[in-house]
There are 2 protein chains.
Amino acid sequence: MIVVLAGGIGAARFLRGLLAVTSEEIVVVGNTGDDITLHGLRVCPDLDTVTYTLGNAVHEEQGWGRDDETYTVATELAEFGEPTWFRLGDRDLATHLFRRRLLDAGVSLHVVTQRIADRFALPVTLLPMTNDMVETRVLADGREMHFQEYWVGMHASVPVDRIWLQDALTATPAPGVVEAIERADTIVLPPSNPVVSIGTILAVPGIREAVADAPAPVVGVSPIVGGAPVRGMADRMLAAIGVDCTAAAVARHYGAGLLDGWLVDESDASCVPSVEAAGIACRAVPLWMNDVESTAAIAKAALSLAHAG
Amino acid sequence: MIVVLAGGIGAARFLRGLLAVTSEEIVVVGNTGDDITLHGLRVCPDLDTVTYTLGNAVHEEQGWGRDDETYTVATELAEFGEPTWFRLGDRDLATHLFRRRLLDAGVSLHVVTQRIADRFALPVTLLPMTNDMVETRVLADGREMHFQEYWVGMHASVPVDRIWLQDALTATPAPGVVEAIERADTIVLPPSNPVVSIGTILAVPGIREAVADAPAPVVGVSPIVGGAPVRGMADRMLAAIGVDCTAAAVARHYGAGLLDGWLVDESDASCVPSVEAAGIACRAVPLWMNDVESTAAIAKAALSLAHAG
């Protein structure tokens, strides 16, 4: 069984490749720090990106949101003067309405997530990292805000002074998360944002410890290639926590206490010795997830590195 | 100032005619007994029908719901296994999302209703009959159900054994309702359902008394023409409360303690003496609301009858 700690687009695409090379059971632990309440609805961007992608219901070009999407409700909400910086599509909205109705009825997020996964016939088990409300907050431009306001609303256009997971201290891992990590044969960190995706999951008390203590090898895929994020704005986030935007620096940030193996891109092959010197097995392979084939090759290399020892 | 106690389509169309013949201020007291929670959202069918109709945003053929409507969210919700018997359109859904968000923030229904009215630039003041949650319930076919389940779900296809407004005893009129009735120059009962629309409004403790005690004349427009409802299924509802489905029987049901004048259709002219014998001034005029002109003539006749004495 393989456990994957997942953010949004990068993780979802990696999972497609992983599904192409293994028939093992896959348990995905998804980031919920980006969750936000919009128009009274609980929106879980990372969980939904994984769900829509693996459920063949994603907007392929965009990488998130539903295919064949329309924005009739959002257009009407704007007429009511409702905020428009985070526009929800009509089909996507049905997911959030369904989720909200169940949460209001007292159903836990991990059960709701399973119900949504069932509707999209997911080939993996998808668990939220926690059922508790936590929230990634950012201090930037002199004020504190929800991560989505910085990321989507401000397009990450200014440096981040501080980033933290609010209410993390009282959160507990969702049922099944620690159990999956403990019984995993392999634990994979896909090329998700090391700060606001994987870092957030590891910030839920008990998860970092479970990963570090797990009998399974932990292998990561660098989200940084040639000194820049493969996608997104991870550089902003790494700067906020004082980590250089390089494949090697991210590996050292996770550290040998957590990571057993680290895949870097061919163009970063020169950093392999320094990562290995830090006690982490490292290999350089092509890391661009251009299609399912190239992504499958990355997933295969990750599994191979994990079990190389 | 004119106060109109309003149900849905019949009242909304009557109001269009009334607006064409008067420049007096109009306060509409709307029925909320039909309100229902669907997909976690508070739906107010009668308030919204008045709003959309007077805001030139209604689906004209249907008489309710939004113009240029689509059903993308409803189609998706069906994929989640959500109930489909009451389908909400996408544009309509924005109203319910906006309402729900404000109600959740602790804003009272009458303030929310005003905010929605503002967005549609309503030429009247629209007040819900109460801010409290009340619910029209029906006993039919051996089981108890929400009125909408009977009306929309079962298409009123079986007789009603009993009908009542749940939680009416502890409800109070919304702020402004009694005050408007007390300072009105005319009070009008449009051709709405005498049981589940006007009867429901009058069932809120304090409203019937205020109407009966108001200094203004109270004039009604019969919703029954030639022994059948002008529209809808009022006959089912009248049968449930033991009232004949005739213009005269409905007038006697309201009674001289409430009504000062009653308009019946030309085809019901023969009942005029019996209504007047009951102490209610009565006139026969064409009551079909075919267009704004014919409806304006009805409204004019109602105002004229109210102030004939």
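Just so you know, all these numbers are worked out from the coordinates, no wet-lab data involved. Just so we're clear, the structure is a prediction, and the values are computed from it rather than from any experiment. When we count neighbours, we look across all protein chains shown, and the Cβ atoms used for this are built from the backbone with ideal geometry, even at glycine.
When Cβ neighbours within 10 Å are restricted to other protein chains, what is their mean count per residue of peptide A:76-89?
On the way: counts 12, 7, 1, 7, 12, 4, 4, 0, 0, 0, 0, 0, 1, 3.
Going residue by residue through A:76-89 and averaging, the value is 4.
What is the ratio of the Cα radius of gyration of the stretch A:175-309 to 2.2 N^0.38 Å, with N the residue count, to two decimals? Can you show the working numbers first?
Working: Rg = 14.0 Å, N = 135, 2.2 N^0.38 = 14.2 Å.
Relative to the rule-of-thumb radius for its length, the stretch A:175-309 sits at 0.98.
Taking the number of other C-beta atoms within 10 Å as the exposure measure, put A:VAL230, A:VAL111 in order starting with the fewest. Write down the numbers at each step before the final one.
Details: A:VAL230 20, A:VAL111 15.
Result, fewest neighbours first: A:VAL111, A:VAL230.
Find me the longest stretch of chain B that has none of the exposed chymotrypsin sites (Phe, Trp or Tyr not before Pro), where exposed means in a DSSP loop (not H, G, I, E or B) with at most 14 other Cβ atoms within 10 Å. Intermediate results must be reported in sequence, preceding the final value.
On the way: sites that count: B:TRP85, B:TRP288.
No qualifying site falls inside B:86-287, the longest such stretch.
Treating the point 7 Å from Cα along Cα-beta-carbon as the label, what are the nm separations from A:ASP161 to the other copies, to one decimal?
Label-point distances to the other copies, shortest first: 6.9 nm.
Using only C-alpha atoms and all pairs of different ones, pull out the Kirkwood radius for the stretch A:126-176 in Å with one decimal.
On the way: mean 1/r = 0.0832 Å⁻¹.
The Cα-based Kirkwood calculation yields 12.0 Å.
For the residue pair A:ILE241 and A:GLN62, what label-to-label distance in nm results when each label sits 7 Å from Cα along the Cα-to-beta-carbon direction?
If labels sit at A:ILE241 and A:GLN62, their model points lie 2.8 nm apart.
Pull up the DSSP beta bridges for chain B and report the antiparallel fraction as a percent, rounded to 5. Each step should come with its number before you reach the end.
Working: 17 of 40 bridges.
Counting only bridges with both partners in chain B, antiparallel ones make up about 45 percent.
Just checking the output field for B:62-74: average partner chain Cβ neighbours within 10 Å of each residue's Cβ?
Working: counts 0, 0, 0, 0, 2, 0, 1, 1, 4, 2, 12, 12, 2.
Per-residue shielding by partner chains comes out at 3.
Based on DSSP, what percent of beta bridges with both residues in the protein assembly as shown are antiparallel, to the nearest 5?
That works out to approximately 45 percent antiparallel.
What do you get for Rg/Rh over the protein assembly as shown if you use C-alpha atoms and the Kirkwood form of Rh?
Details: Rg = 31.4 Å, Rh = 27.6 Å.
Answer for the protein assembly as shown: 1.14.
Work out the FRET efficiency for B:VAL152 and A:ALA212 from their Cβ-Cβ distance, taking R0 = 51 Å, and round it to the nearest 0.05.
For R0 = 51 Å, the calculated efficiency reads 0.35.
Between copies, how far does the label point of A:ALA212 sit from its twins, in nm, shortest first, when each point is 7 Å from Cα along Cα→Cβ?
A:ALA212 label point versus its equivalents elsewhere: 7.6 nm.
Quick one: net charge around B:ARG252, please, counting Lys, Arg +1 and Asp, Glu -1 for every other residue with C-beta under 12 Å from its C-beta. Please list the in-between numbers first.
Numbers: positive: none; negative: B:ASP244, B:GLU276.
Its environment carries a net charge of -2.
For peptide A:35-43, how many partner chain Cβ atoms fall within 10 Å of a residue's Cβ, on average?
On the way: counts 0, 0, 2, 2, 5, 11, 5, 0, 0.
Taking the mean over all residues of the peptide, I get 3.
Between copies, how close do the A:ARG115 label points come, placed 7 Å along Cα→Cβ, listed in nm from shortest?
2.6
Order the peptides B:193-199, B:277-283 from the highest to the lowest mean number of other Cβ atoms within 10 Å of their residues.
Details: B:193-199: 27.0, B:277-283: 18.0.
For the peptides B:193-199, B:277-283, the packing ranking is B:193-199, B:277-283.
So how do B:LEU41, A:LEU189 line up by other beta-carbon neighbours within 10 Å, fewest first? Numbers along the way, then the final one.
Values: B:LEU41 23, A:LEU189 32.
Starting with the residue having the fewest Cβ neighbours, the order is B:LEU41, A:LEU189.
Principal axis extents for the stretch A:32-128, Cα atoms only, whole Å, descending order, please.
39, 34, 22
Under a Cβ-Cβ cut-off of 15 Å, what is the net charge of the residues other than B:GLY106 that fall near it, where Lys and Arg count +1 and Asp and Glu count -1? Walk me through the numbers on the way to the answer.
Details: positive: B:ARG42, B:ARG99, B:ARG100, B:ARG101, B:ARG115; negative: B:ASP104, B:ASP132.
Residues near B:GLY106 contribute +3 overall.
Where does each of B:ASP213, B:ASP268 land when they are ranked from fewest to most other beta-carbon atoms within 10 angstrom? Walk me through the intermediate numbers first.
Numbers: B:ASP213 11, B:ASP268 21.
With the fewest neighbours first, B:ASP213, B:ASP268 line up as B:ASP213, B:ASP268.
Applying 1/(1 + (r/R0)^6) with R0 = 25 Å to the Cβ-Cβ distance of A:ALA228 and A:ALA269, what FRET efficiency is obtained, to the nearest 0.05?
Values: r = 16 Å, r/R0 = 0.66.
The pair A:ALA228/A:ALA269 has a calculated efficiency of 0.95.
Which residues among the stretch B:71-99 fall inside the zone where the amide N is under 20 Å from a point 7 Å beyond the Cα of B:ALA121, along Cα→Cβ?
Of the residues in the stretch B:71-99, B:92, B:95 have backbone N under 20 Å from the label point off B:ALA121.
Can you list the residues of the stretch B:103-145 with backbone N under 18 Å from a point 7 Å past the Cα of B:ARG183, pointing along Cα to Cβ?
Answer for this model: B:111, B:114, B:124-128.
For chain B, go through all pairs of different Cα atoms, get the mean of 1/r, take its inverse, and jot down that Kirkwood value in Å.
Details: mean 1/r = 0.0513 Å⁻¹.
After inverting the pairwise mean of 1/r, the radius is 19.5 Å.
By how many nm would the segment from A:THR172 to A:ARG143 grow when fully extended, if each residue of separation counts as 0.36 nm and the alpha-carbon distance is taken off?
Extending this stretch completely gives an extra 7.6 nm.
Kirkwood Rh over Cα pairs of the stretch A:81-199 into Stokes-Einstein at 10 °C, 1.306 mPa s: D in µm²/s? Walk me through the numbers on the way to the answer.
Values: Rh = 16.8 Å.
For the chosen part, D equals 95 µm²/s.
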